[in-house]
1. In nm, what is the difference between 0.36 nm times the number of residues separating Ser64 and Ile120 and their Cα-Cα distance?
2. What length, rounded to one decimal in nm, is gained on full extension from Ser146 through to Arg189, with 0.36 nm per residue of separation minus their alpha-carbon distance?
3. Suppose R0 equals 22 Å; then what is the FRET efficiency for Ala128 and Asn72 from their Cβ-Cβ distance, rounded to the nearest 0.05?
4. Determine the shape class of the stretch 97-198: with a ≥ b ≥ c the square roots of the Cα gyration tensor eigenvalues, call it rounded for a/c under 1.5, and otherwise prolate if a/b is greater than b/c, oblate otherwise.
5. Could I have the simple spin-label model distance between Arg171 and Asn198, label points 7 Å from Cα toward Cβ, reported in nm to one decimal?
6. In the stretch 86-169, which trypsin sites (Lys or Arg not before Pro) fall in coil by DSSP and have 13 or fewer other Cβ atoms within 10 Å?
7. Setting aside same-chain residues fewer than 8 positions from Lys155, which aspartates and glutamates have a Cα under 18 Å from its Cα?
8. So which of Lys61/Lys140; Lys97/Lys192; Lys150/Lys192; Lys97/Lys138 end up more than 24 Å apart by C-alpha?
Amino acid sequence: MSAFVSRSSASCVAALPLVVAAAILPGCAPVIVAGATQATLMAVDRRPTGAQVDDGAIEFKVESEAGTRWGNEVHLNVTSYNANVLLTGEAQSAEVKSEIVRITRDSHDRVRNVYDEMVIGAVTDLGARSNDTYITSKVKARMIDSDTVKSIYVKVVTERRVVYLMGIASRQEGDAAAQVAAATEGVARVVKLFEYSN
């Protein structure tokens, strides 16, 4: 049985003033460097800048509304990539789960797909979530070390040891990323949610 599940669906010159400012204002250096790093990541992202901003707005709106309505009764992670939204975590009932999906669909007029991977049941404990974070970091590290995966184009989300891969990628890139993730210790299953470029 396959371990994979597939669902279709700055330049240095620009950074120079930031480096100069960091040298002049040493107390501000960490903030300036963080800003430069973020700007560089946005520049190499395959999504248009507007789509990146919209993704952040979608995540914030859904998480805020769910947090206000259900608080700690729900464990919800919202990951939006090019308006394809992944919902992971736990809800206490089918009704709450359905309402979260509705909130997500209505959160922004750009939402294209909602991948509902929430589970009905008790909220996971800190130990399980910490393990998921550790698995994500291992997958990302292995992708960086890989000669076949451009990790900067792959968003990795882990929930209950299931690794979800998102991004805009070629089928070859998506398959290579999935193989790296599947071979990582602790991963139970890999779900590909790529938007394929070819």
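1. The Ser64-Ile120 span can extend by a further 18.2 nm.
2. Gain in length upon complete extension: 13.5 nm.
3. For Ala128 and Asn72, the calculated efficiency is 0.90.
4. Oblate shape, in that a/c is at least 1.5 and b/c is the bigger or equal ratio.
5. It is 1.2 nm.
6. Passing both the DSSP loop test and the Cβ count: Arg112, Arg161.
7. List returned: Asp45, Asp54, Asp55, Glu59, Asp116, Glu117, Asp132, Asp145, Asp147, Glu173, Asp175, Glu195.
8. Violating the 24 Å Cα-Cα cut-off are Lys61/Lys140; Lys97/Lys138.
The values are calculated or read from the model by the stated rules, or taken from the named source; none is laboratory data. Keep in mind the model is a prediction, meaning the values are calculated, not measured. Heads up, the Cβs are rebuilt from the backbone with ideal geometry, glycines too, and the neighbour counts pull from every protein chain shown. The protein model used for the area step is the full one, side chains on, heavy atoms only, and it has no ligands, DNA or RNA in it. Shrake-Rupley method; radii C 1.70, N 1.55, O 1.52, S 1.80 Å.
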